[in-house]
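In what follows, a single structure is set out as structure tokens and then discussed.
The values are calculated or read from the model by the stated rules, or taken from the named source; none is laboratory data. Please read these numbers as outputs of a predicted model, since none were measured by experiment. Here Cβ is always computed from backbone atoms with ideal geometry, including for glycine, and neighbour counts include all displayed protein chains.
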Amino acid sequence: MTTIISISNLCKTYENGYQALKRVNLDIREGEILALLGPNGAGKTTLISVICGLVSPTSGTVSVAGFDIIKDYRQTRRRIGLVPQELTLAAFDKVWDTLCFSRGLFGKKADNAYLEQLLKDLSLWDKRNGELRTLSGGMKRRVLIAKALSHQPKILFLDEPTAGVDVELRKDMWRIVNRLRDSGVTIILTTHYIEEAEQIADRVGVINNGELLLVDDKANLMQELGRKQMIIELKEPLKEIPESMASYALELSDDGHELIFTYDTQGKSTGITALLQAMHSAGISMKDLNTTQSSLQDIFVNLVQAQP
């Protein structure tokens, strides 16, 4: 894939000495959906703000479609749409006027048919002549999305786009996101809803304390860092794990009816066969078993907790 955003040794230190970004290096591919995960204060919003030209970097470089975000800011900004976290809208403006004005800011010719379809996709068409102050929080969030898409950008940033919104809007948004990706738009989103990133993203980046801990294809991340657990249901409960099976680092459920064995899916040997043989030797009978794969949330939590 072609790189559409290139970030090299990006740092941001605020006047109070707080280092929000620490030598971030990242290439974002054209047409992909990249999810940035991280706790509050990790640097996600600062990173987006630098790329979008809202915050000046302390050092490092960022290019968008080959244009430098500082030297060629007009070229970079017109390619980008941003849906911010905050509901920043002029109270007395009407929805339709807001979109037309936003489109015009980027030098785009009027296209009523496009804006009409955009409002319909976001369930806003019946609100087109309403003042923004009369809209609910969820509807205002929809207007922000429409504004970001009004000039038909090739790159869309979604900063916590579904925080505090209803399920219907989330479904609408992800439907639009998938359609945009299919048309070649690159989408970068930050989210606290890890299950959404797991469902929709092509790649996942984990950021914490201003450092990009990793970026990888979602499938590779799940495969390389994921763990599986085998839950063995016993015919008879155990009071404790026999000493002969101590080397397997098993967990015993509170009621003694289940043994839980965690193993590495990438290891040369999972140890399952040896464990079952050890159970047989210890006279432990198995009633049933099943396996579970660690989720993206498990991986994220483990990465963040492991960082010094």
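Below are the figures for this structure:
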| quantity | calculated |
| --- | --- |
| The listed residue being assigned by TED's automatic domain parsing to the domain that holds Ala113 and closer than 17 Å to Thr3 by Cα, out of Ile200, Ile207, Ile188, Ile194 | Ile188 |
| Looking only at the range 103-134, and only at residues there that are under 29 Å from the mean Cα position of the chain (by Cα) and crowded, with 19+ Cβ neighbours inside 10 Å, the one that is modelled with the lowest pLDDT | Leu122 |
| Meets criteria (over 30 Å from Arg133 (Cβ atoms), part of a strand (DSSP E or B) and either small (Gly, Ala, Ser) or outside the structural domain of Thr134 (by TED's automatic domain parsing) (or both)) for Ser8 | yes |
| Count - residues of the range 152-176 that are touching a helix residue (DSSP H, G or I) at 6+ places or on another chain (Cβ under 9 Å), surrounded by fewer than 20 Cβ atoms within 10 Å (Cβ to Cβ) and within 20 Å of Ile4 (Cβ to Cβ) | 2 |
| Every residue from the range 27-56 that is crowded, with 20+ Cβ neighbours inside 10 Å and over 23 Å from Val177 (Cα atoms) | Ala42, Gly43 |
| Which listed residue, of Val50, Val55, is in a helix (DSSP H, G or I) and of a type in the set (A, V, I, L, M, F, W, C) | Val50 |
| Inter-residue pairs, beta-carbon under 8 Å, first over 22 Å from Trp174 (Cα atoms) and assigned by TED's automatic domain parsing to the domain that holds Pro153 and in the range 101-123, second among the hydrophobic types (A, V, I, L, M, F, W, C) and in a helix (DSSP H, G or I), 6+ apart | Arg103/Leu115; Ala110/Cys100 |
| Exclusive hit being surrounded by 13 or more Cβ atoms within 10 Å (Cβ to Cβ) and under 23 Å from the mean Cα position of the chain (by Cα), set Val95, Val24 | Val24 |
| Filter result for Asp93 (of a type in the set (D, E, K, R) and modelled with pLDDT of 95 or more) | no |
| Complete set of residues in the range 83-130 that are closer than 29 Å to Thr45 by Cβ and among the acidic types (Asp, Glu) | Glu86, Asp93, Asp97, Asp121 |
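The rows are residues; the columns are (1) exposed (fewer than 15 other Cβ atoms within 10 Å of the Cβ); (2) under 38 Å from the mean Cα position of the chain (by Cα); (3) among the β-branched types (Val, Ile, Thr); (4) at pLDDT below 90.
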{"position": "Asn208", "(1), (2), (3), (4)": "no, yes, no, yes"}
{"position": "His257", "(1), (2), (3), (4)": "no, yes, no, no"}
{"position": "Ile272", "(1), (2), (3), (4)": "no, yes, yes, yes"}
{"position": "Asn290", "(1), (2), (3), (4)": "yes, yes, no, yes"}
{"position": "Gln293", "(1), (2), (3), (4)": "yes, yes, no, yes"}
